[in-house]
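Structure, as structure tokens:
The values are calculated or read from the model by the stated rules, or taken from the named source; none is laboratory data. No experiment lies behind these values; they were computed from the predicted model shown. With ideal geometry, Cβ positions are generated from the backbone for all residues, glycine too; neighbour counts draw on all protein chains shown. These accessible areas exclude ligands, DNA and RNA; they are computed on the full protein's heavy atoms, side chains included. Shrake-Rupley method; radii C 1.70, N 1.55, O 1.52, S 1.80 Å.
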Amino acid sequence: AVPGKAPVHCSNDPLLGGDPTKLNPEDLLLSALSACHMLWYLHYASDAGIVVAGYSDSPLGVGEGEVGRGGAGRFVKVTMRPHVVVAPATDLAKADAIHHRIHEVCFIARSVNFPVDYAPTFAVGASGGDP
């Protein structure tokens, strides 16, 4: 819990006996990376005149092949996999290039000690929802 904010009900990873219906610290780290990337992407896209009609991500964290004593492990790599829906006539090369600038400024991505890669996909049209 953080003062003034809603508590996050979480648990250990299910591999360590945790509740699979609750977020775990690994989920939260991937979510923090994803949220930071999305917010910077939306900022840079707006600056570039790119209209984003939808944005979703399904980051993939890769851990060590073996978990150490007591369940100790670590991420060795994360791949952000955002799917971005953009307005018609958007320069997709320009939209793609933005993803590769974000690691320079995202506080979370700059703070981790493993590589963060990007594998964005794009669609043109309306998403029917907020980015």
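Descriptive notes on the structure:
- Residue, farthest from P120 (Cα to Cα), within region 60-77, restricted to residues that are among the aliphatic types (A, V, I, L, M) and either at pLDDT 80 or above or loosely packed, with under 10 Cβ neighbours inside 10 Å (or both): A72
- Any hit, region 30-42, residues being open to solvent by 50 Å² or more (accessible area, probe 1.4 Å), out of contact with any helix residue (DSSP H, G or I) (no Cβ under 6 Å at 6 or more places or on another chain), of a type outside the set (V, I, T) and in a loop (DSSP other than H, G, I, E, B): no
- Near pairs, Cβ below 8 angstrom, 6+ apart or cross-chain, from region 18-38 (touching a residue at least 60 places away in the same chain (Cβ under 8 Å) and more than 16 Å from V76 (Cα to Cα)) to any residue that is open to solvent by 70 Å² or more (accessible area, probe 1.4 Å) and assigned to a helix (DSSP H, G or I): C36/F107
Matching residues to (1) polar (S, T, N, Q); (2) touching a Lys or Arg at 6+ places or on another chain (Cβ under 8 Å); (3) farther than 30 Å from V124 by Cα:
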residue	(1), (2), (3)
P7	no, no, yes
L15	no, no, yes
P20	no, no, yes
L30	no, no, no
L33	no, no, no
Y41	no, no, no
I50	no, yes, no
G54	no, no, no
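- The one condition from (1) at pLDDT below 95; (2) aliphatic (A, V, I, L, M); (3) under 24 Å from G125 (Cβ atoms); (4) surrounded by 12 or more Cβ atoms within 10 Å (Cβ to Cβ) that A89 does not meet is (4).
- Filtered residues of region 94-104 (kept if open to solvent by 40 Å² or more (accessible area, probe 1.4 Å) and at pLDDT below 95): H100, R101, H103, E104
- Within the set N12, N24, the sole residue that is open to solvent by less than 40 Å² (accessible area, probe 1.4 Å) and modelled with pLDDT under 95 turns out to be N24.
- Residue within region 31-42 that is farther than 20 Å from A109 by Cα and of a type outside the set (S, T, N, Q) present: no
- In this structure, A109 does not qualify as under 29 Å from C10 (Cβ atoms), of a type in the set (G, A, S), modelled with pLDDT under 95 and open to solvent by 30 Å² or more (accessible area, probe 1.4 Å).
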